[in-house]
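Below is one structure, written out as structure tokens, with a few remarks after it.
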Amino acid sequence: MSRLVLAGMDLVAVVLLVFALYFPRHRRRDLVVAYLGVNVGVFAVASSLSSSTVGAGLGLGLFGVLSIIRLRSTELDQHEVAYYFSALALGILGPLAGTSVWTVGALTALILAVMFVGDHPRLLRRYRRHVIVLDSAVTDSVALTAHLEQLLGARVHNVNVERVDLVNDTTIVDVRYSRPRVTATGGRRPVDAGAVR
């Protein structure tokens, strides 16, 4: 009976993770089937390993190898990696926890709550990251930061120069910045180029 309860809890949890959190926020359909398949597959194999003489260590090692292969096969953003491992964790949690249904339920709720808060659109919504190609070769970091702040209309926190092409006169930068706050009158606070970063 408890095995059926754990299976039901896992299905409810992964449906909430995928259809209530991930898909409404990111709209990437191909990862929906990946998250569902990984979760159910991991749950099924972990359930069979937990009651056999093979042992959980071999099963967890197998899932680790499979997850590395999966993560190397396509390019995933960091939030997608977090959802991927949450789906894995939910699938492994029930069969291998060896604890009560209430403990598994609490840990499942904790994973879902962390993903809800950590990936919420309002959390740190002013902060952005972009890879930008500039149509000039800029080697001075101070001038580069000032140019990016003027171009983006935002405060630049970090600039990582990926490539400077002196022949084609281009610069590729990975820039992290925050958009200015909107004041009560609807205007924007000016960017302070001289602020400490």
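When you scan region 138-161, how many residues do you find that are of a type in the set (Asp, Glu) and open to solvent by 50 Å² or more (accessible area, probe 1.4 Å)?
Our first condition is that a residue be of a type in the set (Asp, Glu); within region 138-161, this holds for 140, 149.
Still in the list and also open to solvent by 50 Å² or more (accessible area, probe 1.4 Å): 140.
So the count comes out to 1.
Restricting to region 123-137, what's the tally of residues that are surrounded by 11 or more Cβ atoms within 10 Å (Cβ to Cβ) and aliphatic (A, V, I, L, M)?
So the count comes out to 4.
If the requirement is being in contact with a Phe, Trp or Tyr (Cβ under 8 Å, 6 or more places away or on another chain), part of a helix (DSSP H, G or I), closer than 16 Å to Phe85 by Cα and at pLDDT 85 or above, which of these qualifies: Leu11, Leu31?
Working: Leu11 fails: in contact with a Phe, Trp or Tyr (Cβ under 8 Å, 6 or more places away or on another chain).
The unique qualifying residue is Leu31.
Return the residues of region 110-122 that are surrounded by 12 or more Cβ atoms within 10 Å (Cβ to Cβ) and either touching a residue at least 60 places away in the same chain (Cβ under 8 Å) or in contact with a Gly (Cβ under 8 Å, 6 or more places away or on another chain) (or both); say none if nothing qualifies.
Passing the criteria: Ile111, Leu112, Met115, Phe116, Asp119.
Within region 89-119, how many residues are assigned to a loop (DSSP other than H, G, I, E, B) and at pLDDT below 90?
3
Where the second residue is open to solvent by 80 Å² or more (accessible area, probe 1.4 Å) and the first is closer than 16 Å to Thr170 by Cβ and lies in region 132-156, which pairs have Cβ atoms under 7 Å and are six or more apart or on separate chains?
Listed by first residue and then by second, the contacts come to Ala137/Leu166.
Can you tell me which condition Val173 does not meet? The list is (1) more than 24 Å from the chain's Cα centre (by Cα); (2) open to solvent by less than 100 Å² (accessible area, probe 1.4 Å); (3) within 26 Å of Leu123 (Cβ to Cβ), and all the others hold.
(1)
Might you check whether a residue that is part of a strand (DSSP E or B) and either touching a Cys at 6+ places or on another chain (Cβ under 7 Å) or modelled with pLDDT of 90 or more (or both) occurs anywhere in region 134-153?
For region 134-153, residues part of a strand (DSSP E or B) and either touching a Cys at 6+ places or on another chain (Cβ under 7 Å) or modelled with pLDDT of 90 or more (or both): present.
The values are calculated or read from the model by the stated rules, or taken from the named source; none is laboratory data. Keep in mind the model is a prediction, meaning the values are calculated, not measured. We place every Cβ from the backbone using ideal geometry, glycine too, and count neighbours over all the protein chains shown. The protein model used for the area step is the full one, side chains on, heavy atoms only, and it has no ligands, DNA or RNA in it. Shrake-Rupley method; radii C 1.70, N 1.55, O 1.52, S 1.80 Å.
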